[in-house]
Amino acid sequence: MTRVLFAVSGKDYWTLADGTRHSCGFWPEELAVPHQVFRAAGFDITIATPGAAVPTADEAGFTAAMNGGSEEPGKRFRAYLDSIAAELNSPVDLDEVDAGDFDFVFVPGGHGPMEDLAVSEKFGALVRNFTDAGKAVAAVCHGPAALLPAKDDNGNWLFAGRRVTGFSNVEEGQVGFADKAPWLLEDRLIASGGKFEKSGGPWEPHVVVDGNLYTGQNPAASEPLADQLVKAHSAVLETAK
């Protein structure tokens, strides 16, 4: 059975450039949809957060305004998250997990990871362990921020020179945070050496795969990114038979 580690932010806020805290957490669609896709594929899922903190869903992710003007997606995401409440309310400690126990790691976005995972040396070391073992490392939207602490032996970003995507500066501006953020994900990924790619227009789903690195640009990329991972790991299982 394929074993998936969901590395989820344990924070319910993001510190803005002026020092104020913006209430947030993980983005509902980016956890609910991939979790559902992986569960349907028969994958074994473990949810983990730093310090085993119970993760918080960003309420904005349930609103019609953030779901194309429709109330239906938010209601669907909330219902699914409610159905896995037992898992969400009892996460394992991300700081204590071993990459050897999982086949790949997946990081949902939301602004929460910008606060904790993006500066976690322990998580960076875990990502390095997955990569050294040839295992997939996947993240969507703001989730790629969590990959920034992963360094090579020379202290450079582990994925420098690799193709990557994530929440774009234009999209951050359209949700009202580009001029409030202490730093922007697109800028930081590029500055770290990533070959940043994005869709032809904001909010269009876009997935980039480069070796073991799987990234999705925005919430709409959650499902196609999860589908890519299922396809890749199903192929591995077929080859092993």
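The values are calculated or read from the model by the stated rules, or taken from the named source; none is laboratory data. The shown structure was predicted, so the numbers you read here are calculated from the model rather than taken from an experiment. Please note: Cβ atoms are built from the backbone with ideal geometry, for glycine as well, and neighbour counts cover all protein chains shown. To get the accessible areas, we keep the full protein, side chains included, count just its heavy atoms, and leave off ligands, DNA and RNA. Shrake-Rupley method; radii C 1.70, N 1.55, O 1.52, S 1.80 Å.
Here is the link list: Lys122/Lys180; Lys151/Lys195; Lys135/Lys231; Lys151/Lys198; Lys122/Lys198. Which ones come out longer than 21 Å on Cα distance? Before the final figure, lay out each step's value.
On the way: Lys122/Lys180 27 Å; Lys151/Lys195 16 Å; Lys135/Lys231 14 Å; Lys151/Lys198 24 Å; Lys122/Lys198 29 Å.
Correct reply: Lys122/Lys180; Lys151/Lys198; Lys122/Lys198.
Protection proxy ranking of 136-148, 205-217, 35-47, by the mean of other Cβ atoms within 10 Å over each peptide's residues and highest first, is 136-148, 205-217, 35-47.
Note down the net charge around Asp116, summing +1 for each Lys or Arg and -1 for each Asp or Glu among other residues with Cβ under 12 Å from its Cβ. Before the final figure, lay out the partial values.
Working: positive: Lys11, Lys122; negative: Asp12, Asp95, Glu115, Glu121.
Residues close to Asp116 contribute a combined charge of -2.
Restricting to Cα pairs below 8 Å that are 6+ residues apart, what does the relative contact order work out to for the range 157-241? Please round to a whole percent.
RCO, the range 157-241: 29 percent.
The relative contact order of the chain comes to 20 percent, based on Cα pairs under 8 Å that sit 6 or more residues apart. Taking only the Cα atoms of the range 95-179, the radius of gyration and Dmax are 13.3, 41 Å.
Rounded to two decimals, what is the ratio between the C-alpha radius of gyration of the range 162-241 and 2.2 N^0.38 Å?
Working: Rg = 14.6 Å, N = 80, 2.2 N^0.38 = 11.6 Å.
For the range 162-241, the normalised Cα radius of gyration is 1.26.
Placing +1 on each Lys and Arg Cβ and -1 on each Asp and Glu Cβ, with no other charges, gives the range 25-88 a dipole about its Cα centre of roughly 100 debye.
How much net charge surrounds Lys198 when only other residues with a Cβ under 13 Å from its Cβ are counted (Lys, Arg +1; Asp, Glu -1)?
-4
Summing Cβ point charges (Lys, Arg +1; Asp, Glu -1) relative to the Cα centre of the chain gives a dipole of roughly 380 debye.
For the range 93-241, what proportion of DSSP beta bridges, expressed in % and rounded to the nearest 5, is antiparallel?
35 percent
Largest first, the three principal axis extents of the alpha carbons in the chain are 49, 43, 37 Å in whole numbers.
Note on the range 57-97: Cα convex hull, mean projected area over all directions, 3.5 nm². Taking the Cα centre of the range 170-241 as reference, the dipole from Cβ charges on Lys and Arg (+1) and Asp and Glu (-1) amounts to some 220 debye.
Quickly estimate the mean residue ellipticity at 222 nm for the chain, helices only: each DSSP H run with n ≥ 4 gives -39500 (n - 2.57), and the total goes over all residues, rounded to 500.
Values: 8 runs with 77 residues, N = 241.
Rounded to the nearest 500, the figure is -9500 deg cm²/dmol.
Dividing the mean sequence gap of close Cα pairs (under 8 Å, 6+ apart) by how many residues the range 1-85 holds gives a relative contact order of 34 percent. Among the GluC sites (Glu not before Pro) in the range 1-110, those placed in a DSSP loop whose Cβ has at most 13 other Cβ atoms within 10 Å are Glu71.
Take the Cβ atoms of Val92 and Asp179, set R0 to 41 Å, and the FRET efficiency comes out at 0.65. Keeping the other protein chains in place, figure out the carbon and sulfur percent of the accessible area of the chain, with a 1.4 Å probe. Ligands and nucleic acids excluded, carbon and sulfur reach 49 percent.
Electrostatic tally near Thr15: other residues with Cβ closer than 10 Å to its Cβ, Lys and Arg +1, Asp and Glu -1, net 0.
Counting only protein heavy atoms and a 1.4 Å probe, the range 106-213 has 38 square angstrom of accessible area per residue.
Potential lengthening of the chain between Asp18 and Glu121 amounts to 34.6 nm, from the contour at 0.36 nm per residue minus the alpha-carbon distance. Between the range 85-103 and the range 138-181, the alpha-carbon centres lie 23 Å apart.
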